[in-house]
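Worksheet for the structure shown next.
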Amino acid sequence: MEDGLSLAATDFELFGLPERFAIDMASLDAKWKQLQGAAHPDRFATETAAAQRVAMQWAIRINEAYRRLKDPLARAAYLCALHGADIEAESNTAMPAAFLMQQMAWRDALSDAASLDAVDALSDEVVASRNVTLKSLQAQIDDAASVDWRTVAGTVRGLMFVDKFMSDIDKRVDALS
Amino acid sequence: MALLQISEPGQAPDPHQRRIAVGIDLGTTHSLVAAVRHGVAECLPDDQGRVILPSAVRYLEGGGRQIGHDALASQGDDPENTVVSAKRFMGRMLADVAGHQRLPYDFVDQPGMVGMRTRDGVKTAVEVSAEILATLRFRAEDTFDDDVYGAVITVPAYFDDAQRQATKDAAQLAGLNVLRLINEPTAAAIAYGLDEGVEGLYAVYDLGGGTFDISLLRLARGVFEVVATGGDSALGGDDYDQRFASALLQRAGLKTLEELTPRERRRVQTAARHAKEALSGIAEATVTFEVDGVVHDLDVDRVEFEAATSELTATTLRLLKRVLRDAKVSAEDVQGVVMVGGSTRMPVVRDAMATLFGKPPLTNLNPDEVVALGAAIQANALAGNATSGDLLLLDVTPLSLGLETMGGLVERVIERNSTIPTAKAQDFTTFKDGQTAMAVHVVQGERELVSECRSLARFELRGIPPMVAGAARIRVTFQVDADGLLSVGAKELGSGVEAAIVVKPSYGLSDEQVAGMLKEGFASAESDMVARSLREAQVDAERMILATEAALAADGDLLDAAERAAIDELVARVRATARDASPAEGPRAIEAAVEALAEGTEGFAAARMNRGIRDALAGRNVNEI
């Protein structure tokens, strides 16, 4: 039988996309629909049990890859893992001092914020900072002559803290409104 | 000269190759079956021309049953043996059923699912629903004079895993091949062709006889997400009848509804319902009823009806606005409103929707039929009958799935609104030194405390090698299939020693219970179970042979001569076994041959999938999507 893609292909290989951080969302969505169009169990509802099992495995794999590629942080973490620099999100919590100072300042600002306006202002500041870091992440991965994956992994860990903080902001907004 | 054959648009060329695929709306108060005929979805009527089958089953002396209209007609005489609204008990324990004290049934709180003691033994909602599904299946088979190939069955969007599993078990009991379970609001949206339309938010307002459901769907990139759901499981058209009847009695200066005899009360409510239905078309009507032997004739108009029931309509609006608030959207964000359920014929409800959303709701399909019609369209596509519409429906998990961790907290493994099918693994570790077993508790819901989520399954992973606390690595894998059904596995990876278990959620019926029900026989006591199971095995064998031959015709070039010969041999064996099997030994022999065929074609299936994926990446089938 012929060789081809296997379930063990990387997310990028599966979606036929170059292995980089910058990604074209429109073509990612289009590829996802194309792949599910070929693999989804609905396409095999009249087929043998063997074909239905294979379809489910592939559809699950495609959804997993899509979920990871769609989210910038998950995508960056995945690129790090592919290059042997695991994020170690649970075990490695070492962060630069400057980053920790800023986190503390933000947390203080959130606990002091008494109005929706104050929380919104803080939220805007965090989002702006996050966007700057995402841009630098793209520069570190896509534009560098040789990528320092350990440094990239550190940046991704920092962004995970920021995302955790954003969800705390959301909870505060819900509580205030 | 031979003439060229031209097939009807939307139909497979050879009518014998068309598969009879039906959509079934298994409702609380009534159920329907629909199919695509001549390219159009339509509901199938019974031999008296009625499309609606009341969801009622009466168990008779001597093992017989009355199903539908007949059961409903005799409900008053035999309430404890006539099960109505069984859907409320699907996958539920007695404690889950609100207001069960007021129901006439002799409930049995048994493991798996609450039962009702009837003169024919204890029945669960699964068995009652199987009777209704089988009745609809026979109706379809009579209509087409052919076997039903498969069915799409609809479930409410908020149905959890146990309720979905129960629905699938009922279909299995009824001898139906379930092509897919889909959400009711999604089916309604398909019936209106919204899946081919503009991306955006859609509200589905479903006001039935006894229940009110509101769902907010977002269609994006071909995926129907259930954004939010809400409603009231005890609000429906019956409440409108009751309020209207009370108002009429008051105007006539008579007793209250509660003071009437049950017989009088039923008559007044029926008269009120007829007037309500008339007032949906005309502005004025007459109500006639008898109280204390005196006949009363009252002229009524739409204004009076709407005033008497305005609180109910206001309640549905309040619930609808709460759903919008939950989803953090406003009424202007909603692209369209789909009306489902007979009670949405009331002009007051339609006007309220038009006012709230600033556009008229979608009403051109029959609101009683719209869910079944959408299910039929999906069933037709899944069965491979649709030639043009390569409709691909990607649904999502309605509720988050997770595990209990220390302190009664929930660790979410699969987030709500994940596109299905999906799978996710999460690693856990031991809490104590030398711990050799771990209790795995699977829950469903959005809350952070286990006590506020629904418990789906509990199982134990044993044989973990003794280690210090935190050293073991236990990987728990959740898998949700395309019907939204969950399976969970766990294994210990830390030391290289593996132990694994796969569970079906225990909440609901076990495989053994379902098998027992099958053995007991259902529906027609006179039907010969042995003949039936042989027939079903033969149908299944035929299905697998056809599927394999179609695959060989399409992609046989992927196989070398030896591989091809091996598969041909397996097909021949299935065919011979199905043909020659004796009724007693047959079903098992056929199942074994079919399983051998499935195993023997695993590699071929993988190779075909590979080709499909590569073609998809090369963009060769872009037009089909």
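The criterion of at least 2 residues that are more than 20 Å from residue B:487 (Cβ to Cβ) and either hydrophobic (A, V, I, L, M, F, W, C) or modelled with pLDDT under 90 (or both) is met, among strands (runs of 3 or more DSSP E) falling completely within region B:329-439, by B:334-340. Residues of region A:134-155 that are free of Cβ contacts under 8 Å to residues at least 40 places away in the same chain and surrounded by fewer than 16 Cβ atoms within 10 Å (Cβ to Cβ): A:135, A:136, A:139, A:143, A:144, A:145, A:146, A:148, A:151.
Each row is one residue, and each column tells you yes or no for (1) in contact with a strand residue (DSSP E or B) (Cβ under 9 Å, 6 or more places away or on another chain); (2) facing chain B (nearest Cβ under 7 Å); (3) in a helix (DSSP H, G or I); (4) surrounded by fewer than 22 Cβ atoms within 10 Å (Cβ to Cβ).
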| site | (1), (2), (3), (4) |
| --- | --- |
| A:8 | no, no, no, yes |
| A:12 | no, no, yes, yes |
| A:19 | no, no, no, yes |
| A:22 | no, no, no, yes |
| A:28 | no, no, yes, yes |
| A:38 | no, yes, yes, no |
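For region A:90-110, what are the residues that are among the small types (Gly, Ala, Ser) and surrounded by fewer than 13 Cβ atoms within 10 Å (Cβ to Cβ)? Matches in region A:90-110: A:91, A:94, A:97, A:98, A:105.
The single condition among (1) without any contact (Cβ under 8 Å) to a residue 12 or more places away in the chain; (2) of a type outside the set (Val, Ile, Thr); (3) under 27 Å from residue B:155 (Cβ atoms) that residue B:379 does not meet is (1). Of the residues making up region A:65-100, those that are within 14 Å of chain B (Cβ to nearest Cβ), assigned to a helix (DSSP H, G or I) and in contact (Cβ under 8 Å) with a residue 40 or more places away in the chain are A:65, A:66, A:68, A:69, A:70. With the structure loaded, tell me whether residue A:76 is closer than 16 Å to residue A:17 by Cα, surrounded by 19 or more Cβ atoms within 10 Å (Cβ to Cβ) and small (Gly, Ala, Ser) or whether it fails that test. Yes: the conditions hold for residue A:76.
Going residue by residue through region B:180-193, is there one that turns out to be of a type in the set (S, T, N, Q), within 14 Å of chain A (Cβ to nearest Cβ), assigned to a helix (DSSP H, G or I) and within 16 Å of the chain's Cα centre (by Cα)? Yes, that holds for at least one residue.
Right, residue A:116: modelled with pLDDT of 90 or more and either surrounded by 13 or more Cβ atoms within 10 Å (Cβ to Cβ) or in contact with a Leu (Cβ under 8 Å, 6 or more places away or on another chain) (or both) or not? Here the answer is no, as residue A:116 does not meet what is asked. Of the helices (runs of 4 or more DSSP H) lying entirely inside region B:534-625, those containing at least 1 residues that are more than 12 Å from chain A (Cβ to nearest Cβ), under 27 Å from residue B:176 (Cβ atoms) and free of Cβ contacts under 8 Å to residues at least 40 places away in the same chain span B:561-580, B:586-600. In region B:428-442, the residues that are in contact (Cβ under 8 Å) with a residue 60 or more places away in the chain form Cβ pairs under 6 Å with partners that are assigned to a strand (DSSP E or B), at six or more places apart or across chains, as follows: B:442/B:456; B:442/B:457; B:442/B:488. Of all residues being among the hydrophobic types (A, V, I, L, M, F, W, C) and touching a helix residue (DSSP H, G or I) at 6+ places or on another chain (Cβ under 6 Å) in region B:220-247, which is modelled with the lowest pLDDT? Just the residue, please. If we take residues in region B:220-247 being among the hydrophobic types (A, V, I, L, M, F, W, C) and touching a helix residue (DSSP H, G or I) at 6+ places or on another chain (Cβ under 6 Å), then B:224 is modelled with the lowest pLDDT. Only residues that are at negative phi and in contact with a helix residue (DSSP H, G or I) (Cβ under 8 Å, 6 or more places away or on another chain) were counted across region B:84-107, and they come to 14.
The values are calculated or read from the model by the stated rules, or taken from the named source; none is laboratory data. As the structure is a prediction and not an experimental result, all values here were calculated from the model. Note: ideal-geometry Cβ built from the backbone for every residue, glycine included; neighbour counts use all protein chains shown.
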